[in-house]
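Quick notes on the structure that follows.
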Amino acid sequence: MPLTASEMGFLWTQYMNDTLAICVMKYFKNICEDKEILPLIENSLSIAENDINMITEIFKTDNVAIPVGFTDEDVNVNAPRLFSDVFILMYIQKLEIIAMASIGIAIGVSARSDVSEFFRNLLVSVSELHDKARKVMLSKGVYVRPPQIPTPDKVDYVDKQGFLFDFLGSHKRPLTAIEITHLYINIQTNAMGKALMTGFAQVCKGEDVKQFFMEGKGISNKHINKFSSTLINGDLPAPMSWDAHVLDSTVAPFSDKLMMFHTTTLIAAGIGNYGTAAGTCERMDLNALYTRLSAEIALYAEDGANLMIKHAWLEEPPKAADHKALVKKSMS
């Protein structure tokens with residue numbers, strides 16, 4: 001059975017992400033001093049290397065061109081420390097959350113047994129790594145728990161339209177548990193993105209790339225403030241930033257190509273998070289906020305794609321046949 005477009009697309013994306021992860025984890029392994037965090041880095045590296053071998057085998061069997069992705073040329077493992085060990089720990093935990101969501105979709109659209117089994121096994125490995133990282137974060141006191149709310153002692157039903165549409169009222173209804181969850185997730189994701197782009201801006205070589213990262217840092221900061229103020233206005237605590245975990249090195253551990261790809265990948269995850277939040281938040285002012293901010297980061301993502309095209313860094317994923325072009329070619 002030939003690979004479907006979905007199977008090919010998810011395998012291709014996983015291959016690209018794993019080649020990036022290998023570069024990042026090799027650098028992290030070289031700079032990490034914490035003996036509790038180092039095994040997590042080695043675990044992540046092992047998962048990515050195993051993925052590469054399995055996807056390569058599937059692609060060779062099906063005569064699919066192997067992506068270039070990222071190589072040792074894209075990482076300088078001897079670069080000075082750019083991020084703290086605690087950053088590395090939190091980064092691993094957050095990246096596994098993003099990976100679990102993507103892998104879950106891949107499992108749902110995989111028809112072929114070998115592809116389905118690959119993603120199911122990968123989900124187990126990634127979820128186990130996430131759990132290990134969570135436990136280490138808890139033991140070190142750096143796991144930021146979502147806010148707590150009162151335990152409901154009875155069932156209530158909504159009896160006013162204001163539950164949904166209180167745009168103008170000075171007193172908005174309290175946030176629901178799901179709304180709080182998405183605000184918390186999106187603050188954390190933006191905090192990681194802001195910290196990464198701060199570090200990347202310090203070390204990247206291209207001036208246009210530096211400007212892109214600085215713009216992204218500003219957007220992330222703005223979004224963090226929007227989400228945090230919503231929690232604070234609801235008398236709930238907002239998660240702390242990651243800024244203190246970016247150090248003062250100006251030597252690049254990664255190529256500009258890798259840093260740009262990593263940033264655009266996180267932007268795509270952010271757009272997905274905002275879409276999920278907008279679809280599940282019942283307060284329409286929050287729905288409107290997520291829709292507006294999604295449009296802003298979509299434009300930023302387009303700028304990133306154009307910049308990667310300009311520098312010939314954007315590797316083209318598998319695509320459908322262009323039948324109109326084939327017809328024109330046959331007529332010429």
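The values are calculated or read from the model by the stated rules, or taken from the named source; none is laboratory data. It should be emphasised that the depicted structure is a prediction, and the values quoted were computed from it without experimental measurement. Reconstructed Cβ throughout: ideal geometry from the backbone, glycine too, with neighbour counts over all protein chains shown. What goes into the accessible areas is simple: the full protein's heavy atoms, side chains included, and nothing from ligands, DNA or RNA. Shrake-Rupley method; radii C 1.70, N 1.55, O 1.52, S 1.80 Å.
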*Within segment 97-133, count every residue that is basic (Lys, Arg) and in a helix (DSSP H, G or I).*
2
*List every residue pair whose Cβ atoms lie under 6 Å apart, where the two residues are 6 or more positions apart in sequence or sit on different chains, the first residue falls within segment 226-255 and is closer than 24 Å to Ala177 by Cα and open to solvent by 70 Å² or more (accessible area, probe 1.4 Å), and the second residue, located anywhere, is in a loop (DSSP other than H, G, I, E, B) and not basic (Lys, Arg).*
Ile232/Ala238; Pro237/Pro147
_Residue count for segment 85-109, restricted to those that are hydroxyl-bearing (Ser, Thr, Tyr) and open to solvent by less than 20 Å² (accessible area, probe 1.4 Å)_ = 1
*Answer from Asp114, Asp153 - the residue that is out of contact with any helix residue (DSSP H, G or I) (no Cβ under 9 Å at 6 or more places or on another chain) and either surrounded by fewer than 21 Cβ atoms within 10 Å (Cβ to Cβ) or at pLDDT below 95 (or both)*: Asp153
*Cβ-Cβ below 9 Å, separation at least six or inter-chain, first residue in segment 1-25 and more than 17 Å from Leu40 (Cα to Cα) and small (Gly, Ala, Ser), second open to solvent by 30 Å² or more (accessible area, probe 1.4 Å) and assigned to a loop (DSSP other than H, G, I, E, B): which pairs?*
Ala5/Pro318; Ala5/Lys319; Ala5/Ala320; Ser6/Ala111; Gly9/Pro317; Gly9/Pro318
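Confirm whether Gly275 is open to solvent by 20 Å² or more (accessible area, probe 1.4 Å) and out of contact with any helix residue (DSSP H, G or I) (no Cβ under 8 Å at 6 or more places or on another chain).
No: the conditions fail for Gly275.
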*Please state which of the following conditions Gly216 fails to meet, knowing it meets all the rest: (1) open to solvent by less than 90 Å² (accessible area, probe 1.4 Å); (2) small (Gly, Ala, Ser); (3) modelled with pLDDT under 90.*
(3)
